[in-house]
Structures are given as structure tokens and as C-alpha cells.
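Derivation of every value follows stated rules applied to the coordinates shown; laboratory data play no part. Bear in mind the structure is a predicted one, so any value in this text is a computation, not a measurement. Counting neighbours? That spans all protein chains shown, and the Cβs are built from the backbone with ideal geometry, glycine included.
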Amino acid sequence: MELQQFYYDNKIVKNFIYATILWGVVGMLVGLILAFMFLFPNLTDGISWLSFGRLRPLHTNAVIFAFVGNAIYAGVYYSSQRLLKARMFSDTLSKINFWGWQLIIVAAAITLPLGYTSSKEYAELEWPIDIAIAVVWVVFGWNLIGTILKRRQRHLYVAIWFYLATFVTVAVLHIFNSLELPLSAMKSYSVYAGVQDALVQWWYGHNAVAFFLTTPFLGLMYYFVPKAANRPVYSYRLSIVHFWSLIFIYIWAGPHHLLYTALPEWAQNLGVAFSVMLIAPSWGGMINGLLTLRGAWDKVRTDPVLKFMVVAITGYGMATFEGPMLSLKNVNAIAHFTDWIIAHVHVGALAWNGFFAFGMIYWLVPKLFKTRLHSIPLANFHFWIGTLGIILYALPMYVAGFTQASMWKQFNPDGTLVYGNFLETVSEIMPMYWMRAIGGTLFLLGTLVLVYNIIMTVKQGSTVTDELAEAAPLAKVSSKRVAGEGWHTWIERKPIQLTILATLTILIGGAFQIIPTILVKSNIPTISSVQPYSPLELEGRDIYIREGCVSCHSQMVRPFRSEVERYGEYSKAGEFVYDHPFLWGSKRTGPDLHRIGGKYSDNWHLNHMYDPQSTSSGSIMPGYKWLIKDELDKSQTEAKMEVMVSLGVPYTESDIANAAQDMLAQGTRIEKNLYTDPDFAKSYEADKKAASDKGEAFVEMRNREIVALIAYLQRLGTDISVKDIDNQTSN
């Protein structure tokens, strides 16, 4: 048969590799800055856009979507062309995919520090950027599927299965979790509320890890590990079992992020059951990857590419053993909200994603530039310093997590908490935070070594933008199964059917969890005493969201004796029915705030936000001085309430019409309370006089952002008393 000549598009792969390296350095640098903010909380004192709460989502988005995302595209664009024996379907679509993704990253880098955020973990970007993500993702899928349809290789290799599952699942997750009603160009509210929002978010959040950080990398593993080791995949049958069981089971596991919360018990138990089952397909994939290296262990000792990949696959195995273990209720009761979870996610991020991306880059760049890697010793140095960095990062965080859990739960013989002051825990784990910062520094240093090594490799190589290849055209055969052809062998040459089956497989779990929670109202009992936020409290809540307070403070008291003793009555599902979005949090760097209302004076809150150490000695919370000075923007309050009405919040026309008057009245009450502090009164009057003497406009305290935030904080947890619980009504 006559062979056809064509060209692989290497330029798009190079572009994505360069972007991977660039954003990797940026994302890790921001993460390192955040690590040092735990040690020096006033490092960026007074600079709102460099505060911890605003930079933290920038770090996670930069690492996940910028660094890992570009690495995925680089690996998929390189491997797909060679597995399918075809150039990508459209060079134009490839360019749109690349430049569109980079523009999204830049938009995130601008908007998140400015406080434009939905607050939903790994999905913080506001609605216009969400739409852009969906469009660019569809362009990627269009390009991938178009290439599959014009392929010259009949059967689809296992890596392609994982790429297809990644495309369809991420699209479904992103679209459903990002459903929101826009208020303005950069502000929206989730269409889900409270418990429903939490379930949808962690259905997305857990499966963003599963289908953005795992399945595409498993596809890359099935391609690059055999290529680097020059060995065939260990087991074809195991890869089949691995693929279908993984994509079916993973989608059910999200509720294990919400154990012991107000989520219905049946949903929690469902998440636990499927999370435990996940260990089988996950370890099946790990075993398939590691055993592919059988007979190549001598090469592993000398080849830095294989070293990175071995540690990456091992890290995947460790993280996917720990995940099911953390989903067990007795373990989760200890680990949740602690730094144990931080250690867990960074083993996956640094070892599995980071190290595999590094190994892939070290293998790809010499191939793309027709040369050898500039320095094998430097790559080995990167490997060892990176490995040491992971160890010095993760182990102290495990120790910190165990320490936190132990201290939070200890009681004296008389029934009181041994460590009643939350800050005692913070002080105890500061040495571990120092070790984490050192480990992060080493990991970043290794990445900078990679930057130098790759630059030198590129300089000594030659650019081959279009790589000549040849293959026989795909001959037509019957679409039906032929004699002796297995079912899976048949489906491997039917990309449309394979994609449909994968889509149905992932939709089953989501439908079983999401539909009953959203459509069956009795799953979320209401409480008659729970009322919507006042206009000023609603504005304060938006400030709380803007400043990223949810990154460090939970709003979910779990039904444990230690938590009820420390914080108050445990949280009920009916308390969150007007929360768009939910703010339960996933980490307690500071104490839980769900019952904070009325515990401290308005003066305490003002002083705490201005200088946290003045009210809480040893606090590692940064100051939020701009909140005390900045005027509250009330121009959209009525519009916000109208959007809430559209979402089912029972504001009346009178509530909306009188919003400005209500805000002024509540703000004035808080201002009067602040006057009870002589120091405040003296300073405030002096500022007012100084402004008057200069002929400058003076913003009354009642109209400042801090007053709105105080109003929100003082409201938290005050809607119910214990007797109200008995008066719940299911509507």
C-alpha cells in the first residue's frame, strides 16, 4: 500500500512547553510567597491585591490550569499526532487553543488579585472567564476529535481513551458548576445555594482533580513511559479495566469532601463507598505504569527522565491510597480542616503532576529540537533537589495536621477544652511552616535549574516546526464487529461510540447525586427562623468573598463534642438556604466562624481587621487596613437583591425599595457601637476634623466597607437557637 506523507505540527507543542515552564515558575513563586506569609503575616501589609486571601486562589489556578494545563496540552498535542498518524485537525484551532488559554490565564492573574472571585475552590474565576474557558475547551475537543476522525491508525491507543474522557467530563463539570446569574461584568451569584452548592462544587472540585489532574496524565503516562523506557505497556487488559472502572467510580466520590457537614447522610455515605472502591483502579494504573519499566531498571538509575516518571507514578499511588483512606469517616473526622489535607494535595501536585511534567519536558525538548539534553547531571540535580523539596514540604505538613487534630480534640477531666484558645495550635505548628517554606524553596530552585537546562538545550538544537512523517491511509472496513473481534477491540476503532459510552459512564454518578439534592426539597429541611441577609450584611458577605476569607476560615461546625464546645451548636442544612454561594471552607488556618455572631464587640472586629495581632496575640492573619478606609459601594445593592430574588431568596419589593434606608440605619447602629471605644472616638473625630480643615470629603464610618463586614460577621450563626431546631419544617 502506498504511504502518504504529512507533517506533524511541532510548533504548537513547543509553544505549550514554553508556557508550561513559564507559568510553572510563576505559580510556584506565588505559592512560595504564600508560604512565607504564614511566617511573616504582614509581608504585604496594606496592599490589598497582594493579600493572602487574594493570592491564594491565584496560586492554585496558576499551578492547576496554567502549569499543569499547558503541560496537558503539550503532551496531548505531541502524542495524539503520533498515535493517530495525522497532523492535528486544524492549525487554526491549535492556535486558538493556545492563545485563548494564555489569555484566560492572564485574565485570572489580573482579576483574582483585584478581588473578582466566585470563591468556589478551583472555580474562582468570574462568569465571563468561565465562558471563555468553555469556548477554548470546546476548541481543544473539536481539534482532538477532528484529528481522531482523520487518523491513519485504526485502533485508538489507551492514551486517546483517557484524552477523550478528560474532554467530555471536564466540559460537563465546568458547565454545571459554573451556572450563575450575572450581576455585572465581573460579579455573579451561583444558581445553587448552601448544601446544593456545596455538593455541586465538590462534585466539580474532586473531579477537577480526577479529570484534569489525573486522567489526562494517565493518558500521558501510557504514552511517554513506554517511549522513555523503550518498553511496551505491561498489560493491555489491565489498561481496559483501569480506564472504565476509574472514570465510572471517580465521579461518585466528591461528597467525601463534605463528611460530617450539613450534607444529607445518604450522599456522604455514597461518597465514602465509592471513594474506598477507587483504590482498586487507581492502583491498577500505578501498577501498569511501574511494571512497564520491568527490564529497564538499569536505565532508571541513569536516566533522569525515568527517575522523574517513577517518582511521579509512585506519588500518584501514594495520593490515591491516601485519598480513599481520608474518605473513611473516622479518619476524616481527624484530618479534615487540618494541614494533613495540604500535605495530601501537594504530594499529588508536586510529585504526580509536577514530576511527570518535568520528566515529559526533559524527554520532549531534545526530540523537538533534534539534539541531546544540555546537561544530564543538572537534570539529575533537579530530580534530587526536587525530591528533597517534596519531602521537606509534605512531612512537616503531616506533622502539623496530626498536631492540629490532636490539640483541637483534647479535653480536661472537668470537660473543658485543654487548648481552648485556637492560637495555641497555631503557635505549636510554626516550626512546620518554616520547614514547608524551605521545602517549597528547594522545589522552586529545581524548577529554575530546569529552565536553564531547557534554554541551553534549545540553543544548541535546531528548530523543526513541521516534522515529516508517513503512514498508510486508513482502509475502510465494516462498522460491525468481525469474526473473532473482541468487544473492546471493536469499540477502539469507533471513536464516536467510545466517546458516547465514556460520557454516559461519567454521567451516571453525577445524576444519582446531584438530581435528588436539587429536585427533592425535603433533602434540605428549612428552618423558619432563618431569614435572608439584610442589605448591609449582603454587601459585607460580598466583601468577605472578595478578600478570600474562606481560604482560612470555615463556616461549618461539625457534630463533634470538641467543635460544639469550641464554636457552638453544630451547623444545620436549613441555615444555608439563602447562601449564594456557600462558604463552608476546606481549611482552618483560623477558627471556624459560623457561630461568630455576637461573640465579640463591633470594636473588637474593627481592631482585629486593622491589626489582628492587637486583639489576638500570635495570630498569623494579615491586616486588612483598606477596609477601614475605603467607602462601601452601595450602587448595586438593590440589583444584588433582585438577583437573589430570581434565585429564590424571599426579599419583598419593600425590602428592595428600602434597602438604602436600612443600610444607613444598620450602619449607624454599628458606628455608634464603635464610639464606645474612646481610642476609636478620639482617632475618628481627629480624622474628621483634619479632613474638614483641608476641605476634603470625609467618608462617615457608617458608609465604610468595614461596617458592612462587621454587620455580616455579627449575623453569622445567630438565626437559630437550640429550640429552633425542633421547629424545623420540611417545605
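Placing dummy labels 7 Å off each Cα toward the beta-carbon, the span from Leu664 to Gln410 is 5.5 nm. Starting from the Kirkwood radius over alpha-carbon pairs of the stretch 665-723, derive D by Stokes-Einstein at 37 °C in a medium of 0.692 mPa s and give it in µm² s⁻¹. Value of D from the Cα-based Kirkwood radius: 250 µm²/s.
Note on Gln613/Ala472: beta-carbon distance plugged into 1/(1 + (r/R0)^6) with R0 of 41 Å gives a FRET efficiency of 0.05. Extension gain, Ser235-Thr92: 0.36 nm per intervening residue step, less the Cα-Cα distance, totals 47.8 nm. Dipole check for the chain: with +1 at the C-beta of Lys and Arg, -1 at the C-beta of Asp and Glu, and the Cα centre as origin, the magnitude is about 3560 Debye. Evaluated with a Cβ-only charge set (Lys, Arg +1; Asp, Glu -1), the stretch 83-127 carries a dipole of roughly 340 debye about its Cα centre, given to the nearest 20. If a paramagnetic tag sat 7 Å from the Cα of Arg294 along the Cα-Cβ line, which residues of the stretch 223-246 would have the backbone N under 13 Å from that point? Answer for the stretch 223-246: 232-238.
Residues Arg87, Arg481, Arg301, ranked from the fewest to the most other C-beta atoms within 10 Å, line up as Arg301, Arg481, Arg87.
With Rh defined as the Kirkwood radius, the inverse of the mean 1/r over Cα pairs, the Rg/Rh of the stretch 535-725 is 0.98.
The fewest-to-most ranking of Lys694, Lys95 by surrounding Cβ atoms within 10 Å reads Lys694, Lys95. In summary, the convex hull built on the alpha carbon positions of the stretch 311-354 has an orientation-averaged projected area of 2.7 nm². Taking every DSSP beta bridge that has both residues in the chain, what percent is antiparallel when rounded to the nearest 5? So the antiparallel bridges amount to about 95 percent of the total. Taking θ as phi - 60° and the Karplus parameters 6.51, -1.76 and 1.60, the scalar couplings of the stretch 631-638 work out to 6, 6, 7, 9, 5, 10, 4, 4 Hz in sequence order, x denoting glycine and proline. Placing R0 at 56 angstrom, the Cβ-Cβ distance between Glu424 and Gln5 gives a FRET efficiency of 0.20 after rounding to 0.05. Rounded to 0.05, the FRET efficiency of the Gln460 and Trp487 pair, given R0 = 45 Å and the Cβ-Cβ distance, is 0.35. Spacing of the modelled spin labels on Ile376 and Trp142, each 7 Å from Cα toward Cβ, amounts to 4.6 nm. Annotation: lysines with alpha-carbon distance below 21 angstrom to Lys95 (same-chain offsets under eight excluded): Lys11, Lys14, Lys85, Lys150. Hey, what angle do you get for helix 11-39 against the long axis of the chain, alpha-carbon based, 0 to 90 degrees rounded to 10? Helix 11-39 sits at roughly 30 degrees to that axis. Each Cα pair under 8 Å and six or more residues apart adds its sequence gap; the mean of these over the residue count of the chain is a relative contact order of 17 percent. Principal-axis analysis of the Cα atoms of the chain puts helix 69-84 at an angle of about 20° to the longest axis. Take the Cα of Val530, go 7 Å toward its beta carbon, and the backbone nitrogen atoms of the stretch 257-286 under 11 Å from that spot belong to 262-263. Amide H to amide H distances under 5 Å link Tyr189 with Leu181, Leu183, where only residues 5 or more positions off or on other chains count and H is placed in the peptide plane. Just so you know, the averaged projected area of the alpha carbon convex hull for the chain sits at 34.9 nm². Available extension along the chain between Asp45 and Val451 is 143.0 nm, counting 0.36 nm per residue and deducting the alpha carbon span. By the rule of a C-alpha distance below 18 Å, with chain neighbours fewer than 8 residues away ignored, the lysines paired with Lys587 are Lys120, Lys329, Lys409. Among Val426, Val550, a tally of other beta-carbon atoms within 10 Å of each Cβ gives an order, fewest to most, of Val426, Val550. The angle between the Cα long axis of helix 376-409 and the main principal axis of the chain comes to about 40°, on a 0 to 90 degree scale.
Report the Cα centroid-to-centroid distance between the stretch 636-705 and the stretch 579-614 in angstrom, as an integer. One Cα centre to the other: 19 Å.
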